[in-house]
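Presented below is the structure to which this report refers.
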Amino acid sequence: GSFAVIARTEGMQSRHLFDTTTARYAAEAGLNLAVYGLSKPNPEEKWMADGRSYTFTFDGAEVEISITDDSGKIDINSADLVTLKNLFVGAGVEDARAEELADAIQDWRDPDDLVSPHGAEVDDYEAVDLPYGPRNAPFETLSELQQVFGMDYETYMKVEPAITMYSGRGTPSAAYAPLEALMAIPGMTPEYAQQIIDGRQQLPAGALNQGTSGLVLPDGTPVMADGGGLTYSVKSRATLPNGASTVLDATIRMGGM
């Protein structure tokens with residue numbers, strides 16, 4: 001009886017390992033297809049990097065791919081204090097704390113030891129027994145944001161889909177921005193942000209370049225594509241017929257080094 005139980009358990013483990021491996025390689029195929037779709041020279045055939053979904057079947061697995069141009073995200077090394085504050089307010093953080101987090105980010109990335117009005121330098125970190133202080137240099141990873149004074153995991157997870165280190169922009173491009181980044185735009189509401197996303201994803205490739213889409217921001221500014229960037233966030237989900245699935249997230253840079 002014990003042998004039968006062990007044999008059955010090992011069989012199930014082997015099947016699970018086989019399924020997850022199969023799904024992973026199918027998801028990797030999705031990442032490669034995303035690169036191919038982004039590299040097409042014909043603007044009408046090139047895949048749109050505004051978060052819309054593309055699906056295909058690979059070796060029996062259904063693969064769903066979504067691509068976001070990082071120029072639509074908020075660069076935590078380049079964004080100004082107003083944009084950073086709006087990022088947190090849009091995520092549901094109260095104004096006072098949002099201002100503190102924005103100033104703490106500024107103190108983390110600037111090269112000096114001068115404390116911003118609501119920020120934090122090394123003495124503040126030591127006062128709460130943190131074993132580190134601000135880097136006083138640009139962020140090296142997105143997850144490093146969790147170490148900023150006053151940041152907690154719940155808040156980080158709310159803003160993580162909206163941030164990048166690769167756009168070099170002070171403000172996000174609304175033509176590609178995910179909902180979390182759109183919420184950093186003054187006057188934006190979740191409903192209106194979703195309307196913009198739904199509207200632009202129904203447009204054919206290149207329509208936003210012409211400025212005639214009819215989509216506008218809360219202040220009346222037309223939503224227009226401004227060329228985009230070279231860095232993309234790609235999510236590839238592969239699902240097997242039996243329900244086993246794997247999700248891969250990758251950052252892809254196109255156009256050389």
Probe 1.4 Å, accessible area per residue of region 1-49, Å²
71
In region 1-46 the accessible area split gives carbon plus sulfur, as whole percent at 1.4 Å, a share of 59
Please compute the length gained on full extension between Asp112 and Ser53, using 0.36 nm multiplied by the number of residues separating them and subtracting their Cα-Cα distance.
16.9 nm
Enumerate the calculated ³J(HN,Hα) couplings along region 92-98 in order (Karplus 6.51 cos²θ - 1.76 cosθ + 1.60, θ = phi - 60°), each rounded to whole Hz, writing x wherever the residue is Gly or Pro.
x, 7, 5, 3, 4, 6, 4
Per GNM of the chain with C-alpha springs under 10 angstrom, the most fluctuating residue out of Gln147, Gln201, Gln13 is Gln13
If I ignore ligands, DNA and RNA and count only protein heavy atoms, how much of Glu154 is accessible to a 1.4 Å probe, in Å² to the nearest 10?
120
Using 24 Å as the Cα-Cα cut-off, could you pick out the over-long pairs in Lys73/Lys235; Lys40/Lys158; Lys46/Lys158; Lys46/Lys85?
Lys40/Lys158; Lys46/Lys158; Lys46/Lys85
If I build a Gaussian network model for the chain, linking alpha-carbon pairs within less than 10 angstrom, which residue out of Val128, Val115, Val82 has the largest mean-square fluctuation?
Val128
Phi-derived 3J(HN,Hα) across region 158-166 with the Karplus relation (6.51, -1.76, 1.60, θ = phi - 60°), rounded Hz, x for Gly and Pro, is 5, 9, 4, x, 9, 10, 8, 10, 10
Please give the FRET efficiency for Asp123 paired with Ile252, using the beta carbon to beta carbon distance and R0 = 41 Å, rounded to the nearest 0.05.
0.50
Explain nothing, just the number: relative contact order of region 42-87, from Cα pairs under 8 Å at least 6 residues apart, as a whole percent.
28
Where a ≥ b ≥ c are root eigenvalues of the Cα gyration tensor, a/c under 1.5 meaning rounded, otherwise prolate if a/b exceeds b/c and oblate otherwise, region 25-169 counts as prolate
Along the charge dipole of the chain, pointing to its positive end and built from +1/-1 on Cβ of Lys, Arg, Asp and Glu, which listed residue (Gly72, Thr171, Val115) has its Cα farthest out?
Gly72
For the chain, what is the charge dipole size about the Cα centre, in debye to the nearest 20, if Lys and Arg each add +1 at the Cβ and Asp and Glu each add -1 at the Cβ?
1440
Of all DSSP beta bridges having both residues in the chain, the percent classed as antiparallel (nearest 5) is 95
Hydrodynamic radius of region 115-257 per Kirkwood, over alpha carbon pairs, in Å
18.3
Using each residue's phi in region 50-62, evaluate 6.51 cos²θ - 1.76 cosθ + 1.60 at θ = phi - 60° and report the 3J(HN,Hα) Karplus result to the nearest Hz, with x for Gly and Pro.
10, x, 5, 9, 10, 10, 7, 10, 10, 6, x, 9, 8
For region 130-208, accessible area per residue (1.4 Å probe, heavy atoms of protein chains only), Å²
47
Give the relative contact order (percent, whole number) for the chain; include only Cα pairs under 8 Å separated by 6+ residues.
28
Once the chain is represented by equal point scatterers at the alpha-carbon sites, with solvent omitted, what log10 I(q)/I(0) does the Debye formula produce at q = 0.07, 0.16 Å⁻¹?
-0.32, -1.15
Please report the net charge: other residues with Cβ closer than 15 Å to the Cβ of Asn86, K and R +1, D and E -1.
-4
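The values are calculated or read from the model by the stated rules, or taken from the named source; none is laboratory data. All values reported here derive from a predicted model rather than from experimental measurement. For neighbour counting, all protein chains shown are included, and Cβ atoms are generated from backbone atoms with ideal geometry for every residue, glycine included. What goes into the accessible areas is simple: the full protein's heavy atoms, side chains included, and nothing from ligands, DNA or RNA. Shrake-Rupley method; radii C 1.70, N 1.55, O 1.52, S 1.80 Å.
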